[in-house]
1. Taking the range 274-299 as the region of interest, how many residues are at pLDDT 95 or above and either in a loop (DSSP other than H, G, I, E, B) or hydroxyl-bearing (Ser, Thr, Tyr) (or both)?
2. Failed condition for residue 304, given (1) within 16 Å of the ligand (Cβ to nearest atom); (2) within 23 Å of residue 6 (Cα to Cα), with all others met?
3. Kindly check whether there is at least one residue in the range 126-143 that is part of a loop (DSSP other than H, G, I, E, B), among the acidic types (Asp, Glu) and within 23 Å of residue 286 (Cβ to Cβ).
4. Might you let me know whether the range 146-168 holds any residue that is in contact with a Pro (Cβ under 6 Å, 6 or more places away or on another chain), of a type in the set (A, V, I, L, M, F, W, C) and within 12 Å of the ligand (Cβ to nearest atom)?
5. Being out of contact with any strand residue (DSSP E or B) (no Cβ under 7 Å at 6 or more places or on another chain) and small (Gly, Ala, Ser) is the filter here, so list the residues in the range 71-111 that pass it.
6. If I go through the range 97-136 residue by residue, how many of them are charged (D, E, K, R) and within 14 Å of residue 155 (Cα to Cα)?
7. Among the residues of the range 82-104, count how many are crowded, with 24+ Cβ neighbours inside 10 Å and within 16 Å of residue 134 (Cα to Cα).
8. Please work out if residue 185 is under 14 Å from the mean Cα position of the chain (by Cα), under 18 Å from residue 132 (Cβ atoms) and surrounded by fewer than 15 Cβ atoms within 10 Å (Cβ to Cβ).
Amino acid sequence: MRIPLVDLQAQYQIIKEEIRTSLDKVLNDMELFLGPHTSAFEEAFASYCGCRYGIGVSSGTDALTLALRACGIGPGDEVITVANTFVATVEAIAQVGAKPVFVDIDPQTYTIDPEQVNAALTPRTRALLPVHLYGHPAEMEPLLAIARRAGLRIIEDASQAHGALYRGRRVGSLGDIGCFSLYCSKNLGAYGEAGICVTNDASLAERLRMLRDHGSRIRYHHELLGSNARLDELQAAILLVKLRHLEHWNAARQAHAQFYSEHLRGIVAALPTVRPWATHVYCYYVIQVEEREQLRRLLQEAGISSGIHYPVPLHLQPACAYLGYQRGALPHTEACATRILSLPMYPELSEQQLSYIVETVSSSLKQSGAAPAHP
Ligand SMILES: *Cc1c(COP(=O)(O)O)cnc(C)c1O
């Protein structure tokens, strides 16, 4: 049996007719940018998140970059974030000329540790950029309290957590701007590049709208120097179809995660933790194992793909050497990076596939003689 990490083909077979009908409509009308599908998707996704405004953009990276720009963050400013994230989180901060400041994580949820944020504040801190990693929300209340007290903006990177709830509210709606990647492999993904910002702030929404379209409200009249970062109509049409399925897709991911956890308890060193105030939407199902490379090899031999999100924390990447961090600076982040492993996770996984995966993981760990799980 061959099982990929993510199977877009399996999902496409189910929604093919809906997608084709929608794409046909766009191509018949030939309105390719900032048309009816973009505004319908923006409205539907913002409302799904419990936000007033949605601004479709061309990627998650652009969503983050434009959000920072809309908040007026630039050279001389510091933005506090984590190092265990996709590189785009930090690229966005660097892109606007600000300085990324890394803090350590809660090693159980893999998300930013608010205690560490307090210690990292300086007079130059302008924003906090928590990442709702793997689909689990960051602990937002203490961050919101810090931000209120210190007059900071909060920009959420919700690229892996479409639909996740923090104390009953959707992630992305808790800070000043919520940023989502809609890249093909995310919980909600286009068939190309796409992203969206959501906010309740009318003036931030207006600035984002201008920034994504060359700083203009009226064509060829430029109030700001922005960029070309629009969501296109074909992707918006696909996303509108897929948004209708997001809730039951997330429910399927949660059911698969429950199956994994029931069958791997006591077998792997750590399972995903879900805080009582959170719902997890499992963009990735991440376990920890001691003998990771051996397990990966045995899984691969059995036809099962696995992933590492992410093998090298950003503060130790050559691209971030200029920031001057040394190994040892973020102990939890660094320890997790050597042990984390992502198992296949997508809504269409079958019971048969799931059983095969847990059986292979169990027998491989026995075979490799890996240290037994902590109780
Ligand atoms: C995918 C992702 C991004 C970047 O999104 P793109 O659409 O690929 O630009 C940013 N942050 C996180 C946490 C992501 O997972």
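1. 12
2. All conditions are met except number (1).
3. Among the residues of the range 126-143, at least one is part of a loop (DSSP other than H, G, I, E, B), among the acidic types (Asp, Glu) and within 23 Å of residue 286 (Cβ to Cβ), which makes the answer yes.
4. Checking the range 146-168: not a single residue is in contact with a Pro (Cβ under 6 Å, 6 or more places away or on another chain), of a type in the set (A, V, I, L, M, F, W, C) and within 12 Å of the ligand (Cβ to nearest atom).
5. Result: 72, 74, 76, 88, 92, 97.
6. Result for the range 97-136: 1.
7. 5
8. Yes; evaluated as a whole, the condition is true for this residue.
The values are calculated or read from the model by the stated rules, or taken from the named source; none is laboratory data. Keep in mind it's a predicted model, so treat the numbers as computed, not measured. Virtual Cβ from ideal backbone geometry, glycine too; neighbours counted across all protein chains shown.
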